[in-house]
Amino acid sequence: MTNFNLIVLSAVASMALPASASAQTPERGKALFAAECSACHSVVPGQNGIGPSLGSIYGKRAGTVPGFKFSIEMRTSHIVWTDAELNKFLTDPNNALFGTKMPTPGTEMHMGTPSAADRGSLIAYLRSLPRS
């Protein structure tokens, strides 16, 4: 196969991928976090704001970030922050866990409702953070 054929084949193959598959990266998630989440959340463990620090939460039980006053629903939820749980929560926090303090998408306090691809990138970013 010639170099030209390989280039064409690669270009065609990349067009066949859904945009969300190629766009879901921790780097994109970091930029989205800065734009959509950082007003309330930090990724520095122990640095809580309006919302809890999200640094090193991946794989941990919800409502357990030290020094943050969680709703009773979050503290007693037994949710473990996996890809599936984070996706469900970021899609619609109050539907995923009634009584959470996280604003509902579409309300004034919520920064935005990320698309499925953006949620994937945010989750990839949270998953990439060092765990303590």
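Rule-based calculations on the coordinates, nothing more; no lab input. Predicted model only: the values in this text are computed from it and were never measured. As a convention, Cβ positions derive from the backbone with ideal geometry for all residues, glycine included, and neighbour counts pool all protein chains shown.
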Sites Glu27 and His78 - FRET efficiency at Förster radius 35 Å, r taken between beta-carbons, to 0.05: 0.65
Neighbour-count ranking [beta-carbon atoms within 10 angstrom, fewest first] of Thr107, Thr100, Thr64: Thr107, Thr64, Thr100
5 angstrom amide H check on Val80, placed H, neighbours 5+ away: Ala62
FRET efficiency, 1/(1 + (r/R0)^6) with R0 25 Å, evaluated for Ser38 and Thr107 via beta carbons: 0.85
Cβ crowding within 10 Å averaged over residues, with 119-129, 41-51, 27-37 ranked highest first: 119-129, 27-37, 41-51
Spacing of the two label points (7 Å from each Cα toward its C-beta) at Thr91 and Phe68, in nm: 2.2
